[in-house]
Amino acid sequence: MAMSRSVKGLMVKDFQLMKSQMKLFFIVLIFWGVIMAGSLNMTFFVGYSALLCSFMLISTFSYDAFENGNAYLFTLPVSRRDYIFEKFVFGFLLATVPFLLSSAVSWVVLVINRSGMHFGEYCLSVAPALPLAYLLLAVEIPLQVKFGQEKSRIVSFLMIGGISAAMGMAGVLTEQLGIDGAKVISNIAGIGIGGVIALAVVILLVLLSYRISCRIIEKKEF
């Protein structure tokens, strides 16, 4: 689907709405980046930044729905499918750009501190964070379209809490067992067929989420 003028207009709208929040999020990222740099746990910082920034998309739904704004929005030359397509594209940008920036900064920090990690190993250790952020967006967007901000927030908190708890438990277990988590991830990601299958699954789930979101919004009354 080519990016039409209406999609570009929606992206400009969301970007303008996000300006004030972006400053706060970048302050939070810098704060956590300093902490992670001290512990050299930079791969976690990369994943954290991608996931955190991807959830900035949620607030754009709130702005659109404020004072029945969606009803006015769809009186403009904007189709409902354009609206969903723009949300996916904008969400992926919110996840991808901070991921790339934090990856570059993290690698520089590791080089300065002479961590001894090879660049290929580093790339493989941080790479899973981006597909995970995409998957979270694929879950979050249909929830927002279907239930709105209030109801979907509960599901989102449960989802984030569950993922955070799982990551925390995995970190504790690998530390107690003396396992190098980054090395394990690198070995798994380094398996060619495994990486291809994982990428295919992510793409299929995102496409399925897009279709579901389009069906939901086309049947929804504003």
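The values are calculated or read from the model by the stated rules, or taken from the named source; none is laboratory data. In this text, all values refer to a predicted model and were calculated from it rather than measured experimentally. Because the Cβ atoms are built from the backbone with ideal geometry, glycine has one as well, and the counts that use them run over all protein chains shown. What goes into the accessible areas is simple: the full protein's heavy atoms, side chains included, and nothing from ligands, DNA or RNA. Shrake-Rupley method; radii C 1.70, N 1.55, O 1.52, S 1.80 Å.
Below are the figures for this structure:
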{"read-out": "Check on Phe61, farther than 16 Å from Gly148 by Cα and either outside any helix (DSSP H, G or I) or not basic (Lys, Arg) (or both)", "value": "no"}
{"read-out": "Of residues in the stretch 112-145 being of a type outside the set (Ser, Thr, Tyr) and within 17 Å of Phe85 (Cβ to Cβ), the one farthest from the chain's Cα centre (by Cα)", "value": "Val145"}
{"read-out": "Of all residues in the stretch 30-69 being among the β-branched types (Val, Ile, Thr) and touching a helix residue (DSSP H, G or I) at 6+ places or on another chain (Cβ under 8 Å), the one that is modelled with the lowest pLDDT", "value": "Thr43"}
{"read-out": "Tally of residues being under 30 Å from Phe66 (Cα atoms) and either open to solvent by less than 20 Å² (accessible area, probe 1.4 Å) or not in a helix (DSSP H, G or I) (or both) across the stretch 119-141", "value": "6"}
{"read-out": "Phe147, sole failed condition from (1) part of a helix (DSSP H, G or I); (2) in contact with a helix residue (DSSP H, G or I) (Cβ under 6 Å, 6 or more places away or on another chain)", "value": "(2)"}
{"read-out": "Restricting the stretch 70-118 to residues that are small (Gly, Ala, Ser) and open to solvent by 20 Å² or more (accessible area, probe 1.4 Å), the residue that is modelled with the lowest pLDDT", "value": "Ser115"}
{"read-out": "Qualifying residue in the stretch 55-65 (condition: touching a Gly at 6+ places or on another chain (Cβ under 6 Å) and surrounded by 15 or more Cβ atoms within 10 Å (Cβ to Cβ))", "value": "yes"}
{"read-out": "Search result, residues across the stretch 64-86 that are in a helix (DSSP H, G or I) and without any contact (Cβ under 8 Å) to a residue 60 or more places away in the chain", "value": "Asp64, Phe66, Glu67, Gly69, Tyr72, Leu73"}
{"read-out": "Which numbered condition Leu208 misses (of (1) modelled with pLDDT under 85; (2) open to solvent by 70 Å² or more (accessible area, probe 1.4 Å))", "value": "(1)"}
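Each row is one residue, and each column tells you yes or no for (1) free of Cβ contacts under 8 Å to residues at least 40 places away in the same chain; (2) hydrophobic (A, V, I, L, M, F, W, C).
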| position | (1), (2) |
| --- | --- |
| Val109 | no, yes |
| Glu121 | no, no |
| Val139 | no, yes |
| Leu143 | yes, yes |
